[in-house]
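Structure, as structure tokens:
The values are calculated or read from the model by the stated rules, or taken from the named source; none is laboratory data. The structure displayed is predicted, hence computed values, not measured ones. Glycine also receives a Cβ, built like all others from the backbone with ideal geometry; neighbour counts cover every protein chain displayed.
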Amino acid sequence: MFVNTQSLNTVTPTAYATPDVTPEYLPLTPAVEMDVQALTDILLRELHSSLKTKPASAKTVMLRIALEVERICQKSDRIQDSGEIQTWQLNLGRHRLQKCVQYYKLGSKQGRVELHSSLAAMVYRHIAYVEAQLSFQARYNLIEDFLQAFYIESLRAFRREHDVAEDYTPRTRLELSEYMAFTEQYAKRQIGLPGRNRQRLIVLRAQSFAKGQPPETSIDIEMAVEGAKTEEAEAQSRSYAMQQVREQMVSEAVDPAEAVLRDRVIAELKRYLEAQGQSDCVQYLELKMQDLQACDIDEALGLTTRQRDYLQQRFKYHVEKFSRSSQWKLVHQWLGADLDQKLGMTANQWEQFYGQLSEAEKTLLQLKQAQQSDKDIAKALKCTPKQAQKRWAKLLELAAAQRNTQQA
């Protein structure tokens, strides 16, 4: 399994995004689910194209990804109602393929360092701060103990979810990359908690570990959500502790499609901030995603309270600009507020919003609904593309204000 690696502070998580759908592979009937074998063939072609080689066990790994994508699409009401099932299949498949390729290119040793450092950063505050009087080495060993157990749990989850043999272990470089990509995804799964709050699975595990919870009362959250598959698991599922977890969590299970969209939004936001020369905003975003407190962020970035307040204001400005101009469609799709959803408004809100628009703004809205390009919109409105973008950003701002008003 995994062995001790380099210092936990040497590597930071790497952003990633789902590639756009390639037209030559896009099926003609997106509302119909794609055949598993067809998706497997597409992923195989793209794997060979990315690596310029044919790695061992490639067909088996790509088939597992295709089957997982099929399961997600069948379970997700959001995907089934979207009318674009095949597009979702391609995006989900490529999302998982890209992570697998990323770890493959890093290699066995560096891939483990990347994964280990990323997971350690997520749980450091929840484990190391509990015993503040311990030395650094003692805290490091505590995190190592936790992660070793988590890797074993992840491998068991991999075997269960992909329906492989109970003694399955990654043998080839590609299989190891697949497992590491799965472990990262498994750690980041959002688990619903009371009060409609959500938390990453690995953070919940770390919090239980820090409290010194006895092994016999440890609960497999995925088992609580999905149900038991063996006699031993069935016996555990009847326990009082498992029933409590299931009652509080099953109804809050997260749609997998939402997690994929969230990752795409974060990756695109990071690229946008880098292009704007806001590298400190990218660092701030990464620290916020690790659930760090303000004092920890100040220490990590070497900021005073006043400097951090200024950074927060600048970050907020760029996030709003990103969500209303650069990647408005992706952000609104993630928020469930796209144009085909009345920009997230109720029927009454939409009617009031549309009624207050000028004729030019209504024309702009209609052209956007028709998916016209900025160049064509600018020509129709007799303005420059830049002016058209600014008008659209203003219209989205008005929509947000209307969406936040009380329903009539």
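Going residue by residue through the stretch 143-153, is there one that turns out to be touching a Phe, Trp or Tyr at 6+ places or on another chain (Cβ under 6 Å) and not β-branched (Val, Ile, Thr)?
yes
The set of residues in the stretch 172-182 that are under 22 Å from the mean Cα position of the chain (by Cα) and not in a helix (DSSP H, G or I) is empty. Kindly indicate the residue of the stretch 28-49 that is modelled with pLDDT of 90 or more and among the hydroxyl-bearing types (Ser, Thr, Tyr) and also surrounded by the most Cβ atoms within 10 Å (Cβ to Cβ) among those meeting that condition. Top of the filtered list is Thr40. Number of residues in the stretch 151-171 that are touching a residue at least 60 places away in the same chain (Cβ under 8 Å), part of a loop (DSSP other than H, G, I, E, B) and touching a helix residue (DSSP H, G or I) at 6+ places or on another chain (Cβ under 7 Å) equals 1. Contact map, the stretch 58-84: first residue in contact (Cβ under 8 Å) with a residue 12 or more places away in the chain, second residue of a type in the set (D, E, K, R) and surrounded by fewer than 18 Cβ atoms within 10 Å (Cβ to Cβ), Cβ cut-off under 6 Å, separation 6 or more or different chains; pairs are Ser76/Asp255; Arg78/Asp255.
List pairs: first in the stretch 305-320 and without any contact (Cβ under 8 Å) to a residue 24 or more places away in the chain, second among the charged types (D, E, K, R) and part of a helix (DSSP H, G or I), Cβ under 8 Å, 6+ apart or cross-chain? Correct list of pairs: Thr305/Asp298; Arg308/Asp298. Checking the stretch 189-198 against the condition returns a match, with at least one residue being in a helix (DSSP H, G or I), within 26 Å of Gln312 (Cβ to Cβ) and at pLDDT below 80.
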